[in-house]
Amino acid sequence: MSTASRLQVGVDVPWVTSWSEEPMLGVGPCPSVDGAMALAQADKPGEGRPLYSRNHLFRQRKSVREMLCPMCGKPTAKGDRWSQTGRWTTAREVRDRNMGVWLPQDLKDEHPLFDAGAIAPLHRACAQRALTHCPHLKGMADRELKAFPDAWIIATLAVEARPAANFTNVPQKPVVAITFLQLIGVPDYAG
Ligand SMILES: [Zn+2]
């Protein structure tokens, strides 16, 4: 029996959203992060039902690395990158949250940064469509679309994964695996 949904990926459901037929697969080298170890997930968008609160691991990483719109999955161009959920912060605040390791050392504490979290910027048209469809976005106090800066830093979130038990009786080392990528916009930085 087909589990294909009538909902269309990229139209009714954001491209980056996970589906119930996309289980976690374990850890392995992943092209989305240049072959680094990452947590993998089955790739069957449109199968089962959409899990709106969960981003798909591979598509999320790809969206951040390649600046793909999380709504439609197509590349965004300079000048058409918008974020509703991100917020302005400063290098000081980012350092205070122990994320400073990702910032250039010469970046001044008062330098403004745009914390997009795990959500790559959207096309303006897609952001507006998402806002009319998504109850979560509609419920946010801040509905303003903010222009995403033309330069950015990508930070990685990782987990320590323990390999599944094997039959060799050799203790296996845990491996660090990337889960999601975080995106920090850096305006006016000539570093
Ligand atoms: Zn789009």
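The values are calculated or read from the model by the stated rules, or taken from the named source; none is laboratory data. On a predicted model such as this, the values are computed, not experimentally measured, just so you know. Every residue, glycine among them, receives a Cβ derived from its backbone with ideal geometry; neighbour counts consider all protein chains shown. The area values use the complete protein model at the heavy-atom level, side chains included, leaving out ligands, DNA and RNA. Shrake-Rupley method; radii C 1.70, N 1.55, O 1.52, S 1.80 Å.
Report Rg/Rh for the range 1-95, rounded to two decimals, where Rg is the Cα radius of gyration and Rh the Kirkwood radius.
Working: Rg = 15.2 Å, Rh = 14.8 Å.
Using only Cα positions, Rg/Rh for the range 1-95 is 1.03.
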Across the range 29-141, how large is the tail of the calculated P(r) beyond 19 Å, expressed as a percent of all Cα pairs?
57 percent
Each label point is 7 Å from the Cα along the Cα-to-Cβ direction; what then is the distance between the points at R49 and E21, in nm?
1.5 nm
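For the range 38-170, what is the accessible area per residue in Å², given a 1.4 Å probe and the full set of protein chains?
Details: 7650 Å² over 133 residues.
Value for the range 38-170: 58 Å² per residue.
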What's the center-to-center distance, using Cα atoms, between the range 79-127 and the range 37-78 in Å?
20 Å
T156 long-range amide H proximity, modeled H, under 5 Å:
Q182
How much mean residue ellipticity at 222 nm does the chain get from its helices, if each DSSP H run of length 4 or more adds -39500 (n - 2.57) and you divide by all residues, to the nearest 500 deg cm²/dmol?
-4000 deg cm²/dmol
Using a simple spin-label model with points 7 Å from Cα along the Cα→Cβ vector, what separation in nm is obtained for D12 and H136?
1.9 nm
Here the net charge surrounding G73, from other residues whose Cβ is less than 14 Å away from its Cβ (Lys, Arg +1; Asp, Glu -1), is +3
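For the ranges 90-99, 139-148, what's the packing order if you count other beta-carbon atoms within 10 Å of each residue, average per peptide, and put the highest first?
Working: 90-99: 15.0, 139-148: 12.6.
Averaged packing, sorted descending, gives the order 90-99, 139-148.
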So for the chain, using the alpha carbon gyration tensor with a ≥ b ≥ c as root eigenvalues (a/c under 1.5 gives rounded; past that, a/b versus b/c decides prolate or oblate), I'd call it oblate
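Let's see if you can work this out: charge +1 on each Lys and Arg Cβ, -1 on each Asp and Glu Cβ, no other charges. What is the dipole magnitude of the range 1-140 about its Cα centre, in debye to the nearest 20? Mind dumping the intermediate values first?
Numbers: 19 positive and 14 negative charges, 71 e Å.
Around 340 debye, computed over the range 1-140.
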Leaving out same-chain residues fewer than 8 places away, which lysines sit with a Cα under 22 Å from that of K138?
K146
